[in-house]
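Novice: Structure in structure tokens, see below.
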Amino acid sequence: MLLVDGRADDLLSFTQGAVGLFPEDPEIRLIYATALAPQSAERARWEAAQAIQLDTHDPGRLIRAARLMLNLGEVETARAYARRAAQLAPANFPFAPELHAVSGVLAAISGDYGLAEDALRAAHEAEPDRATFARDLARLLDSRGRKVEALGVVEAAIAAGADPKELEKVREEISTGGESRT
């Protein structure tokens with residue numbers, strides 16, 4: 001809630017104190033790593049790795065750590081975490097859309113655009129109101145020369161209730177031929 005309220009410094013301070021009190025709690029460490037990311041990518045990577053070392057069997061934590069590592073540019077670590085999460089995920093895995101999304105981005109990075117599109121589309125269809133899923137799918141489609149379809153994904157997500165702020169930036173990128181990222 002502190003991040004949503006724009007109180008990132010409070011979250012960082014709170015989670016740092018929590019890690020001091022509960023250094024063996026992997027969930028607290030992952031939350032701390034997430035709070036650290038904007039200020040210190042190196043420390044965030046280390047804290048995320050510590051969280052996973054403390055418990056390598058929680059697929060939800062693994063996929064959240066994979067997304068964090070991907071955002072920090074640690075592609076191979078993200079790939080390893082996502083692979084492990086996929087191995088451990090139960091049939092009704094609540095983080096399945098996030099697993100699809102991370103797997104899709106990783107596939108796109110590897111140049112497997114068919115797999116990337118399938119995975120990103122699965123994530124977007126599972127949660128059409130999630131801006132990050134729509135963003136990643138739209139950027140992939142745009143990078144593949146499918147601008148009209150990419151804009152349709154953005155519009156559908158906004159209509160489904162996704163936060164329009166980020167999606168308006170993506171729409172602008174696509175419409176003006178700006179740099180697209182997957």
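Novice: Tell me whether the range 25-43 contains one or more residues that are modelled with pLDDT of 90 or more, closer than 18 Å to A80 by Cα and assigned to a loop (DSSP other than H, G, I, E, B).
Specialist: Checked against the condition, which is being modelled with pLDDT of 90 or more, closer than 18 Å to A80 by Cα and assigned to a loop (DSSP other than H, G, I, E, B), the range 25-43 yields no hits at all.
Novice: Mind checking which helices (runs of 4 or more DSSP H) fall wholly inside the range 68-182 and carry at least 1 residues that are touching a residue at least 40 places away in the same chain (Cβ under 8 Å)?
Specialist: Details: elements: 75-88, 96-110, 113-126, 131-143, 147-160, 164-176.
Hits in the range 68-182: 96-110, 113-126, 131-143.
Novice: Next question. Are any residues in the range 150-162 farther than 16 Å from A123 by Cβ and either touching a strand residue (DSSP E or B) at 6+ places or on another chain (Cβ under 7 Å) or surrounded by 13 or more Cβ atoms within 10 Å (Cβ to Cβ) (or both), and if so, which ones?
Specialist: Within the range 150-162, L151, G152, E155, I158 meet the criteria.
Rundown of residues vs (1) of a type in the set (A, V, I, L, M, F, W, C); (2) assigned by TED's automatic domain parsing to the domain that holds A119; (3) modelled with pLDDT of 95 or more, yes/no style:
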site	(1), (2), (3)
F133	yes, yes, yes
L137	yes, yes, yes
D142	no, yes, yes
L151	yes, yes, yes
E155	no, yes, yes
A160	yes, yes, yes
K165	no, yes, no
R171	no, yes, yes
R181	no, yes, no
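Novice: If a residue has to be surrounded by fewer than 17 Cβ atoms within 10 Å (Cβ to Cβ) and either aliphatic (A, V, I, L, M) or not assigned by TED's automatic domain parsing to the domain that holds A85 (or both) to count, how many in the range 38-58 make the cut? Spell out the reasoning first.
Specialist: So the first thing to find is which residues in the range 38-58 are surrounded by fewer than 17 Cβ atoms within 10 Å (Cβ to Cβ), and the list is 38-43, 46, 53, 55-57.
Next, from what is left, pick out any that are either aliphatic (A, V, I, L, M) or not assigned by TED's automatic domain parsing to the domain that holds A85 (or both): 41.
Count: 1.
Novice: Any chance the range 12-22 includes a residue that's at pLDDT 95 or above and either outside any helix (DSSP H, G or I) or of a type in the set (S, T, Y) (or both)?
Specialist: No, the range 12-22 has no match at all.
The values are calculated or read from the model by the stated rules, or taken from the named source; none is laboratory data. All values derive from a computational prediction rather than experimental measurement. Glycine gets a Cβ as well: all are built from the backbone with ideal geometry, and neighbour counts include every protein chain shown.
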